[in-house]
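In what follows, a single structure is set out as C-alpha coordinates and then discussed.
The values are calculated or read from the model by the stated rules, or taken from the named source; none is laboratory data. Quick caveat: nothing in here was measured; it's all calculated off a predicted structure. What goes into the accessible areas is simple: the full protein's heavy atoms, side chains included, and nothing from ligands, DNA or RNA. Shrake-Rupley method; radii C 1.70, N 1.55, O 1.52, S 1.80 Å.
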Amino acid sequence: VLLDNNEVEFAVLECARGGILRSGLAFDHCNVSIVTNVTEDHIGLADINSVEQLARVKSVVPASTFDEGYAVLNAADPLVLRMRRDLDCHIVLFAIDGTRSEMVKHIHSGGTAAFVTDDMFCIAHCGQIKPVINVAAVPLTFNGTASVMVQNVLAAIAASVVSNFSIEHIASALRTFYPSVAQTPGRLNTFQLKKGRLILDYVHNTGGFAELIPFIKQQEARKRTGIIYATGDRRPEDIRLIGVYAAKMFDNIIINNEHEQRGVSPIELTNLLLEGIREVDETLPVMILPDEKSAITYAIEQAEEDELVFASINAIKESIELVNNLIKDKQRMKL
(Lines give C-alpha, C1' and ligand atoms only; values in the text may rest on other atoms or scores of the structure.)
Protein backbone atom coordinates (compact mmCIF):
# COMPACT_ATOMS: atom_id res chain seq x y z
CA VAL A 1 0.00 0.00 0.00
CA LEU A 2 2.80 2.43 0.89
CA LEU A 3 4.82 1.71 -2.25
CA ASP A 4 1.74 2.14 -4.45
CA ASN A 5 1.00 5.56 -2.94
CA ASN A 6 2.25 8.31 -5.27
CA GLU A 7 2.58 10.72 -2.36
CA VAL A 8 5.27 8.58 -0.73
CA GLU A 9 8.67 9.88 -1.81
CA PHE A 10 10.91 7.95 0.56
CA ALA A 11 10.12 4.78 2.51
CA VAL A 12 12.35 3.43 5.27
CA LEU A 13 11.52 -0.20 6.05
CA GLU A 14 12.83 -2.57 8.71
CA CYS A 15 13.24 -6.09 7.34
CA ALA A 16 13.25 -8.43 10.32
CA ARG A 17 14.77 -11.91 10.30
CA GLY A 18 11.45 -13.55 11.17
CA GLY A 19 9.58 -11.78 8.41
CA ILE A 20 12.23 -12.68 5.81
CA LEU A 21 12.05 -16.36 6.77
CA ARG A 22 8.24 -16.42 6.79
CA SER A 23 7.39 -14.25 3.80
CA GLY A 24 10.52 -12.92 2.11
CA LEU A 25 10.69 -9.17 1.46
CA ALA A 26 7.82 -6.75 0.90
CA PHE A 27 9.52 -5.42 -2.24
CA ASP A 28 11.57 -6.71 -5.17
CA HIS A 29 14.38 -4.15 -5.18
CA CYS A 30 15.52 -1.19 -3.12
CA ASN A 31 17.72 1.84 -3.79
CA VAL A 32 19.60 1.66 -0.49
CA SER A 33 20.01 -1.24 1.93
CA ILE A 34 21.58 -1.24 5.40
CA VAL A 35 22.92 -4.13 7.49
CA THR A 36 23.99 -3.00 10.97
CA ASN A 37 25.18 -6.28 12.50
CA VAL A 38 24.70 -10.01 12.89
CA THR A 39 24.56 -11.39 16.45
CA GLU A 40 23.67 -14.77 17.92
CA ASP A 41 20.16 -13.66 18.86
CA HIS A 42 17.45 -15.95 17.42
CA ILE A 43 19.86 -18.85 16.89
CA GLY A 44 17.94 -22.12 17.14
CA LEU A 45 14.73 -20.67 15.72
CA ALA A 46 13.20 -21.56 12.33
CA ASP A 47 16.04 -23.98 11.48
CA ILE A 48 18.69 -21.28 11.76
CA ASN A 49 21.36 -22.91 13.91
CA SER A 50 24.48 -20.81 13.39
CA VAL A 51 25.40 -17.15 13.17
CA GLU A 52 26.65 -17.80 9.62
CA GLN A 53 23.20 -19.04 8.61
CA LEU A 54 21.65 -15.97 10.22
CA ALA A 55 24.02 -13.77 8.21
CA ARG A 56 22.81 -15.54 5.07
CA VAL A 57 19.22 -14.65 5.97
CA LYS A 58 20.10 -11.00 6.53
CA SER A 59 22.11 -10.87 3.28
CA VAL A 60 18.81 -11.13 1.41
CA VAL A 61 18.33 -7.40 2.09
CA PRO A 62 21.52 -6.06 0.44
CA ALA A 63 21.10 -8.65 -2.33
CA SER A 64 17.84 -6.89 -3.24
CA THR A 65 19.63 -3.60 -3.97
CA PHE A 66 19.51 -2.28 -7.53
CA ASP A 67 22.89 -2.56 -9.31
CA GLU A 68 23.06 1.23 -9.41
CA GLY A 69 22.00 1.41 -5.74
CA TYR A 70 23.99 1.29 -2.50
CA ALA A 71 24.47 -1.33 0.22
CA VAL A 72 25.51 0.26 3.53
CA LEU A 73 27.49 -2.28 5.55
CA ASN A 74 29.09 -2.31 8.99
CA ALA A 75 32.84 -2.65 8.41
CA ALA A 76 33.37 -3.57 12.08
CA ASP A 77 31.27 -6.75 11.76
CA PRO A 78 33.14 -9.44 9.77
CA LEU A 79 29.96 -11.29 8.79
CA VAL A 80 28.37 -8.10 7.48
CA LEU A 81 31.52 -6.97 5.67
CA ARG A 82 31.75 -10.37 3.97
CA MET A 83 28.37 -9.74 2.31
CA ARG A 84 29.96 -7.32 -0.15
CA ARG A 85 31.60 -10.24 -1.99
CA ASP A 86 28.26 -11.31 -3.45
CA LEU A 87 26.87 -7.87 -4.30
CA ASP A 88 26.77 -6.09 -7.67
CA CYS A 89 25.66 -2.72 -6.29
CA HIS A 90 27.81 0.11 -4.88
CA ILE A 91 29.26 -0.60 -1.44
CA VAL A 92 29.18 1.95 1.40
CA LEU A 93 30.98 1.20 4.66
CA PHE A 94 30.58 2.59 8.15
CA ALA A 95 32.48 2.10 11.41
CA ILE A 96 33.34 4.31 14.37
CA ASP A 97 37.05 3.75 13.68
CA GLY A 98 37.88 5.15 10.27
CA THR A 99 41.46 3.86 10.49
CA ARG A 100 40.40 0.21 10.15
CA SER A 101 42.24 -1.32 7.20
CA GLU A 102 39.00 -2.12 5.36
CA MET A 103 37.83 1.47 5.76
CA VAL A 104 41.15 2.98 4.66
CA LYS A 105 41.30 0.80 1.52
CA HIS A 106 37.70 1.57 0.67
CA ILE A 107 38.13 5.33 1.08
CA HIS A 108 41.41 5.40 -0.85
CA SER A 109 39.71 3.59 -3.73
CA GLY A 110 37.08 6.35 -3.88
CA GLY A 111 34.38 4.54 -1.92
CA THR A 112 31.82 6.17 0.33
CA ALA A 113 32.28 5.66 4.07
CA ALA A 114 31.03 7.14 7.35
CA PHE A 115 33.18 7.23 10.49
CA VAL A 116 34.11 9.30 13.55
CA THR A 117 37.28 11.33 13.92
CA ASP A 118 38.11 13.99 16.51
CA ASP A 119 34.60 13.61 17.97
CA MET A 120 33.03 14.48 14.61
CA PHE A 121 30.78 12.40 12.42
CA CYS A 122 32.47 12.42 9.00
CA ILE A 123 31.62 11.17 5.53
CA ALA A 124 34.00 10.26 2.71
CA HIS A 125 32.14 10.71 -0.57
CA CYS A 126 33.07 11.59 -4.14
CA GLY A 127 36.75 11.83 -3.24
CA GLN A 128 36.21 14.26 -0.37
CA ILE A 129 36.05 13.84 3.41
CA LYS A 130 33.57 16.20 5.06
CA PRO A 131 32.60 16.72 8.69
CA VAL A 132 28.86 16.38 9.34
CA ILE A 133 28.24 17.22 13.01
CA ASN A 134 29.88 16.85 16.42
CA VAL A 135 28.98 13.54 18.07
CA ALA A 136 27.97 15.27 21.32
CA ALA A 137 25.59 17.55 19.39
CA VAL A 138 23.44 14.56 18.38
CA PRO A 139 20.95 13.85 21.20
CA LEU A 140 20.61 10.20 20.19
CA THR A 141 24.23 9.54 21.19
CA PHE A 142 23.74 10.71 24.80
CA ASN A 143 26.80 12.94 24.56
CA GLY A 144 28.68 10.16 22.80
CA THR A 145 28.21 7.61 25.60
CA ALA A 146 25.85 5.33 23.63
CA SER A 147 28.22 3.68 21.16
CA VAL A 148 25.44 1.62 19.60
CA MET A 149 23.59 4.82 18.75
CA VAL A 150 26.78 6.33 17.32
CA GLN A 151 26.95 3.34 14.97
CA ASN A 152 23.28 3.70 14.02
CA VAL A 153 23.80 7.39 13.26
CA LEU A 154 26.78 6.53 11.03
CA ALA A 155 24.63 4.13 9.03
CA ALA A 156 21.90 6.77 8.73
CA ILE A 157 24.39 9.42 7.58
CA ALA A 158 25.81 7.10 4.93
CA ALA A 159 22.36 6.13 3.64
CA SER A 160 21.26 9.77 3.58
CA VAL A 161 24.32 11.00 1.69
CA VAL A 162 23.94 8.44 -1.11
CA SER A 163 20.24 9.34 -1.21
CA ASN A 164 21.29 12.91 -2.07
CA PHE A 165 20.38 14.61 1.20
CA SER A 166 22.67 17.55 1.86
CA ILE A 167 25.15 17.57 4.75
CA GLU A 168 23.32 20.60 6.16
CA HIS A 169 19.97 18.80 6.04
CA ILE A 170 21.43 15.68 7.68
CA ALA A 171 23.10 17.69 10.46
CA SER A 172 19.91 19.62 11.16
CA ALA A 173 17.86 16.42 11.39
CA LEU A 174 20.36 14.76 13.74
CA ARG A 175 20.53 17.84 15.95
CA THR A 176 16.75 17.97 16.44
CA PHE A 177 15.87 14.27 16.76
CA TYR A 178 15.58 13.26 20.42
CA PRO A 179 15.42 9.85 22.13
CA SER A 180 11.99 10.60 23.55
CA VAL A 181 8.65 8.86 23.94
CA ALA A 182 7.40 11.02 21.08
CA GLN A 183 10.14 10.15 18.57
CA THR A 184 11.65 6.88 19.78
CA PRO A 185 9.18 5.18 22.14
CA GLY A 186 10.82 2.33 24.03
CA ARG A 187 14.35 3.30 23.04
CA LEU A 188 16.42 4.84 25.84
CA ASN A 189 13.51 7.00 27.03
CA THR A 190 14.73 9.02 30.03
CA PHE A 191 12.53 10.32 32.85
CA GLN A 192 13.58 12.62 35.68
CA LEU A 193 12.43 11.29 39.04
CA LYS A 194 12.28 13.19 42.31
CA LYS A 195 15.54 11.66 43.47
CA GLY A 196 17.07 10.13 40.37
CA ARG A 197 16.54 9.09 36.76
CA LEU A 198 14.69 6.30 34.99
CA ILE A 199 15.52 4.91 31.55
CA LEU A 200 13.06 2.65 29.70
CA ASP A 201 14.28 0.50 26.82
CA TYR A 202 12.95 -2.44 24.81
CA VAL A 203 16.30 -4.25 24.99
CA HIS A 204 15.66 -8.00 25.30
CA ASN A 205 18.57 -9.88 23.75
CA THR A 206 22.23 -10.54 24.53
CA GLY A 207 23.56 -8.22 21.83
CA GLY A 208 21.53 -5.32 23.20
CA PHE A 209 22.62 -5.98 26.78
CA ALA A 210 26.27 -6.21 25.72
CA GLU A 211 26.00 -2.76 24.13
CA LEU A 212 24.32 -1.43 27.29
CA ILE A 213 27.24 -2.19 29.60
CA PRO A 214 29.57 0.67 28.54
CA PHE A 215 26.61 3.04 28.29
CA ILE A 216 25.31 2.32 31.80
CA LYS A 217 28.79 2.48 33.31
CA GLN A 218 29.34 5.95 31.84
CA GLN A 219 26.15 7.34 33.39
CA GLU A 220 26.73 9.42 36.50
CA ALA A 221 24.88 7.75 39.38
CA ARG A 222 25.50 6.85 43.00
CA LYS A 223 23.53 3.63 42.55
CA ARG A 224 22.37 1.65 39.50
CA THR A 225 19.25 -0.53 39.59
CA GLY A 226 18.25 -2.78 36.70
CA ILE A 227 14.87 -4.32 35.90
CA ILE A 228 15.21 -7.32 33.58
CA TYR A 229 13.10 -10.12 32.10
CA ALA A 230 13.66 -13.01 29.68
CA THR A 231 12.23 -14.15 26.36
CA GLY A 232 11.41 -17.85 26.31
CA ASP A 233 12.29 -18.72 22.71
CA ARG A 234 15.99 -17.97 23.23
CA ARG A 235 18.60 -20.60 24.09
CA PRO A 236 19.19 -21.21 27.81
CA GLU A 237 22.77 -19.97 27.47
CA ASP A 238 21.52 -16.69 25.97
CA ILE A 239 19.08 -16.13 28.86
CA ARG A 240 21.85 -16.84 31.39
CA LEU A 241 24.07 -14.37 29.54
CA ILE A 242 21.50 -11.60 30.07
CA GLY A 243 21.85 -12.28 33.80
CA VAL A 244 25.64 -12.12 33.47
CA TYR A 245 25.54 -8.80 31.65
CA ALA A 246 23.01 -7.35 34.12
CA ALA A 247 25.24 -8.32 37.07
CA LYS A 248 28.17 -6.51 35.44
CA MET A 249 26.42 -3.14 35.26
CA PHE A 250 23.87 -2.93 38.08
CA ASP A 251 24.27 -2.63 41.86
CA ASN A 252 20.99 -4.41 42.43
CA ILE A 253 18.55 -6.18 40.14
CA ILE A 254 14.78 -6.59 39.97
CA ILE A 255 13.56 -9.56 37.92
CA ASN A 256 10.18 -8.96 36.32
CA ASN A 257 8.60 -12.41 36.52
CA GLU A 258 6.12 -11.53 33.75
CA HIS A 259 8.51 -12.88 31.13
CA GLU A 260 7.76 -13.14 27.42
CA GLN A 261 7.25 -16.87 28.03
CA ARG A 262 6.82 -18.30 24.53
CA GLY A 263 6.35 -21.82 25.87
CA VAL A 264 8.77 -21.66 28.82
CA SER A 265 7.59 -21.30 32.43
CA PRO A 266 8.32 -18.09 34.37
CA ILE A 267 10.08 -20.12 37.08
CA GLU A 268 12.51 -21.61 34.55
CA LEU A 269 13.24 -18.25 32.95
CA THR A 270 13.81 -16.56 36.31
CA ASN A 271 16.13 -19.36 37.40
CA LEU A 272 18.20 -19.03 34.23
CA LEU A 273 18.59 -15.29 34.84
CA LEU A 274 19.56 -15.98 38.46
CA GLU A 275 22.18 -18.51 37.34
CA GLY A 276 23.81 -15.86 35.16
CA ILE A 277 23.70 -13.23 37.92
CA ARG A 278 25.20 -15.59 40.52
CA GLU A 279 27.94 -16.56 38.08
CA VAL A 280 29.20 -12.97 38.37
CA ASP A 281 28.29 -12.07 41.95
CA GLU A 282 26.91 -14.43 44.61
CA THR A 283 25.89 -11.56 46.89
CA LEU A 284 24.32 -9.10 44.42
CA PRO A 285 20.87 -8.05 45.77
CA VAL A 286 18.09 -9.51 43.60
CA MET A 287 14.33 -9.02 44.02
CA ILE A 288 11.68 -10.93 42.05
CA LEU A 289 8.41 -9.12 41.40
CA PRO A 290 5.34 -10.54 39.61
CA ASP A 291 5.06 -8.24 36.62
CA GLU A 292 6.41 -5.24 34.73
CA LYS A 293 4.03 -2.79 36.34
CA SER A 294 4.90 -3.74 39.92
CA ALA A 295 8.64 -3.80 39.14
CA ILE A 296 8.64 -0.29 37.66
CA THR A 297 6.34 1.07 40.37
CA TYR A 298 8.51 -0.35 43.16
CA ALA A 299 11.74 0.97 41.58
CA ILE A 300 10.32 4.48 41.21
CA GLU A 301 8.88 4.59 44.72
CA GLN A 302 12.11 3.31 46.28
CA ALA A 303 14.52 5.36 44.14
CA GLU A 304 17.28 6.98 46.18
CA GLU A 305 19.18 10.22 45.66
CA ASP A 306 21.19 10.16 42.41
CA GLU A 307 20.01 6.64 41.58
CA LEU A 308 19.77 5.44 38.00
CA VAL A 309 16.96 2.96 37.34
CA PHE A 310 17.12 1.11 34.04
CA ALA A 311 14.09 -0.93 33.02
CA SER A 312 14.13 -3.47 30.20
CA ILE A 313 10.49 -3.35 29.12
CA ASN A 314 8.21 -5.51 26.98
CA ALA A 315 4.92 -3.55 27.04
CA ILE A 316 6.25 -0.25 25.68
CA LYS A 317 3.07 1.84 25.52
CA GLU A 318 1.72 0.61 28.87
CA SER A 319 5.04 1.13 30.69
CA ILE A 320 5.46 4.66 29.35
CA GLU A 321 1.91 5.54 30.44
CA LEU A 322 2.55 4.01 33.86
CA VAL A 323 5.72 6.04 34.41
CA ASN A 324 4.09 9.28 33.28
CA ASN A 325 1.14 8.68 35.62
CA LEU A 326 3.39 7.82 38.57
CA ILE A 327 5.46 10.96 38.04
CA LYS A 328 2.28 13.10 37.78
CA ASP A 329 0.89 11.55 40.96
CA LYS A 330 4.06 12.35 42.88
CA GLN A 331 4.04 15.90 41.57
CA ARG A 332 0.43 16.34 42.74
CA MET A 333 1.29 14.96 46.17
CA LYS A 334 4.16 17.43 46.40
CA LEU A 335 1.81 20.32 45.57
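Partners of K248 within straight-line reach, counting lysines whose Cα lies under 27 Å from its Cα and excluding those fewer than 8 residues away in the same chain: K194, K195, K217, K223, K293. Straight-line reach from K105: taking Cα to Cα under 19 Å and skipping same-chain neighbours fewer than 8 places apart, the lysines in range are K130. The alpha carbon centroids of the range 174-236 and the range 63-131 are separated by 29 Å. Principal-axis analysis of the Cα atoms of the chain puts helix 266-280 at an angle of about 80° to the longest axis.
Distant-in-sequence amide contacts of C30, defined by a placed amide H-H separation under 5 Å and a gap of 5 or more residues or a different chain, comprise T65, F66. Relative contact order of the range 23-169, taken over Cα pairs closer than 8 Å and 6 or more residues apart, is 18 percent. Taking every DSSP bridge with both residues inside the chain, close to 30 percent are antiparallel. Based on C-alpha pairs under 8 angstrom that are at least 6 apart in sequence, the range 237-301 has a relative contact order of 45 percent. Across the chain, C-alpha contacts under 8 Å between residues 6 or more apart give a mean separation that, scaled by the residue count, equals a relative contact order of 13 percent. How far, in degrees from 0 to 90, does helix 167-176 lean away from the longest principal axis of the Cα atoms of the chain, to the nearest 10? So the helix axis and the longest Cα principal axis differ by about 10 degrees. Straight-line cross-link partners of K330 among the aspartates and glutamates, defined as a Cα under 19 Å from its Cα and at least 8 positions apart when in the same chain: E301, E304, E305, D306, E307, E318, E321.
With the full set of protein chains in place, find how many percent of the accessible area of the chain is carbon and sulfur; take the probe as 1.4 Å. Summing carbon and sulfur atoms, their accessible area is 49 percent of the total for the chain. In the context of the full protein assembly, L289 retains an accessible surface of approximately 30 Å², using a probe radius of 1.4 Å and ignoring ligands and nucleic acids. Once the Cα atoms are used to define both axes, helix 206-218 deviates from the longest principal axis of the chain by about 70 degrees.
Counting only heavy atoms of protein chains, what accessible area per residue, in Å², does the chain have with a probe of 1.4 Å? Don't skip to the answer; put the middle values down first.
Details: 17350 Å² over 335 residues.
Using a 1.4 Å probe on heavy atoms only, each residue of the chain averages 52 Å².
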